[in-house]
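These notes concern the structure reproduced below.
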Amino acid sequence: MTHRSAAVPLDTASDTAQHRTATEEPPTVWPLPVRGEPWTRPDRTLVDGLSRVSSATACAKLHELGIRRTFVEGPMSMEPGTKITGPALTLQFMPQREDVASGLGQEYVERNTALWAVLEAVRPGDVLVVQAYGSAFTGCFGDMLVRYFKKKGGAGIVVDGRIRDSERVRRLGVPIWCTGTTPHYASQSELFPWAYDVPVATGGVLCLPGDMVVADDDGAVVVPRAKSEQVVRSASDHEEWEVFSRMRIDAGARLSDYYPLSPDSRAEYEQWRAARPS
């Protein structure tokens, strides 16, 4: 027996399509900004603990915990010698599409995009983590926006894209990790600030709102919030034995005996640590 699947009569299908077109026409301008779920900022003790951990050590300890993609590829510090640690406040740019987000009117005049909204959401100590697709054209931040970010108490910015007004921005002293500079601002180019407090993919790394960021001269690392305390505990011993190993190597010891610690040098390290003033 041949079975026939039920089919919608042609006139009914046509009526359905016409009804959908008439009643479900998408808006010509998307309601902006898009905001994700609220999140809670961490206890100061956690921030202070991570602030003593380098990005290299954080990356290594996360790898030991099975989290392998944590280094934000591309952005580097505008000012060598700076370091930041803090919770991630996220901003997501999207490719410009003029029928959905008109650009200049919303961003520069009406001020109702995620770029404006996220700056109002900044709390002291926040690290603004921005998804910008490595764009060489879009200037995600300039003098005025960074100035306001500083006034709000932001700790620093990590963006896989560019900034503008670089001379003035440097004078502000806000730590920024970016891929370079450009004379463009966002609505002159290819990206549009779309959402904040949402997951972002920055430099090939997933960053959730409230994740911790450790950034220094080696680059920026995203530490998952749930793993942060483990990283602090593990890194504390790691950072301390590296101090001991440097001392021994500088004094002429063999590298293979002290990096990493051999069983004998581990025992020597434990004695050294116990004798140190607390």
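Among beta bridges from DSSP that stay inside region 34-224, the antiparallel ones total about 55%. Model label points for residue 226 and residue 254, set 7 angstrom from Cα along the Cα-to-Cβ axis, are 4.4 nm apart. If a spin label sat at a point 7 angstrom from the Cα of residue 48 along the line to its beta carbon, the backbone N atoms of region 220-251 nearer than 20 Å would be those of 228-240.
Across region 113-129, rounded Karplus estimates of 3J(HN,Hα) from the backbone phi angles (6.51 cos²θ - 1.76 cosθ + 1.60, θ = phi - 60°) give 9, 4, 4, 6, 5, 5, 5, 6, 7, 4, 10, x, x, 5, 10, 7, 10 Hz, Gly and Pro being marked x.
For a paramagnetic label modelled on residue 79 (point 7 Å from Cα along Cα→Cβ), amide N atoms under 15 Å away belong, within region 188-219, to 216-217. In this calculation the C-beta distance from residue 98 to residue 236 is compared with R0 = 51 Å, giving a FRET efficiency of 0.50. For region 177-220 versus region 37-93, the spacing of their alpha-carbon centroids is 13 Å.
For region 244-278, the list of trypsin sites (Lys or Arg not before Pro) that fall in a loop by DSSP and count at most 12 other C-beta atoms within 10 angstrom reads 254.
Each peptide in 136-148, 211-223 was scored by the mean count of other Cβ atoms within 10 Å over its residues; highest first, the order is 211-223, 136-148.
Every number here is computed from the coordinates shown, using simple stated rules; none is lab data. Note that the structure is a prediction, hence the values are computed from the model and not measured. Ideal geometry is used to build each Cβ from the backbone, glycine not excepted, and the neighbour counts take in all protein chains shown.
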